[in-house]
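Derivation of every value follows stated rules applied to the coordinates shown; laboratory data play no part. Owing to the predicted nature of the structure, the values given are computational and were not obtained by experimental measurement. When we count neighbours, we look across all protein chains shown, and the Cβ atoms used for this are built from the backbone with ideal geometry, even at glycine.
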Amino acid sequence: MKSLFDPSVNKEMINRIQKLDAQKSPVWGKMTVAQMVTHAQKPFKVAFEELRLKRGLPGILFGGIARRQITKPKPFQKNLPTDKNFVIKNHPDFEAEKDNLIHYVEKFSKVGPKGITQKPHPFFGKMTTSEWDALMYKHLDHHLRQFGE
């Protein structure tokens, strides 16, 4: 599986983000492209402890099972449910949020495994750095495919 810690993969992902424009329509789902680039920052903020969310009952019951799925090479399915904390309802500034997303993707590679939280993920629970890496790559890839990138 590809790794966002790998500088060449990281750059590839940034190139895909840079191809997005404000007029891009989704292939599936309801988010606008501006909402998507804002939404895609949320997992990075959790990984860097900039966003702290409490673990809920669904995560306690099903997070471990779901965590094992994220490490498999199969891409995320279309139209998966979104945690309410990650839903973007407003209409963010696309260019500013795209730049913010690029910042987080670059930071993920620069800080490396030692820069990722050791605290449990709010849904998946205790995760290794390779599980965090898989989650970040697959989530971002999922949403870039959602917008044709």
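The table below lists the values:
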| item | result |
| --- | --- |
| Simple spin-label estimate for Thr117 and Leu51 in nanometres, 7 Å along Cα-Cβ | 1.0 |
| Cα extents of the stretch 7-146 along the three principal axes, largest first (Å) | 39, 31, 28 |
| Sorted peptide list for 12-19, 129-136, 29-36, criterion being average Cβ within 10 angstrom, highest first | 129-136, 29-36, 12-19 |
| P(r), alpha carbons of the stretch 1-75 - 10 Å bins starting at zero, rounded % | 14, 33, 42, 10 |
| Long-range amide H partners of His121 with built H, under 5 Å | Lys126, Met127 |
| Pairwise label distance in nanometres, Ile65 with Glu12, each label 7 Å out on the Cα-Cβ vector | 3.2 |
| Residue-wise HN-Hα coupling along the stretch 40-55, computed from phi with Karplus coefficients 6.51, -1.76, 1.60 (Hz; x: Gly, Pro) | 5, 6, 4, x, 5, 4, 5, 4, 9, 6, 8, 10, 10, 10, 7, 7 |
| Rounded to whole Hz, the Karplus (6.51, -1.76, 1.60) HN-Hα couplings of the stretch 78-91, x for glycine and proline | 6, 6, 5, x, 10, 4, 4, 6, 10, 7, 10, 9, 7, 10 |
| Loop trypsin sites (Lys or Arg not before Pro), the stretch 60-106 (other Cβ atoms within 10 Å of the site Cβ: 14 or fewer; DSSP) | Lys78, Lys89 |
| Added length on full extension, which subtracts the Cα-Cα distance from 0.36 nm per residue, Lys30 to Ala96 | 21.7 nm |
| Rh (Kirkwood; distinct C-alpha pairs) - the stretch 59-115, Å | 14.6 |
| Linear extension gain, His103 paired with Lys74, 0.36 nm per residue minus alpha-carbon span | 7.8 nm |
| Spin-label model distance (nm) - Val87 vs Thr129, 7 Å beyond Cα toward Cβ | 3.6 |
| Pairs from Lys45/Lys74; Lys30/Lys54; Lys19/Lys119 whose Cα-Cα separation, in the structure shown, is over 31 Å | Lys19/Lys119 |
| Residue-wise HN-Hα coupling along the stretch 19-26, computed from phi with Karplus coefficients 6.51, -1.76, 1.60 (Hz; x: Gly, Pro) | 6, 5, 9, 5, 8, 4, 9, x |
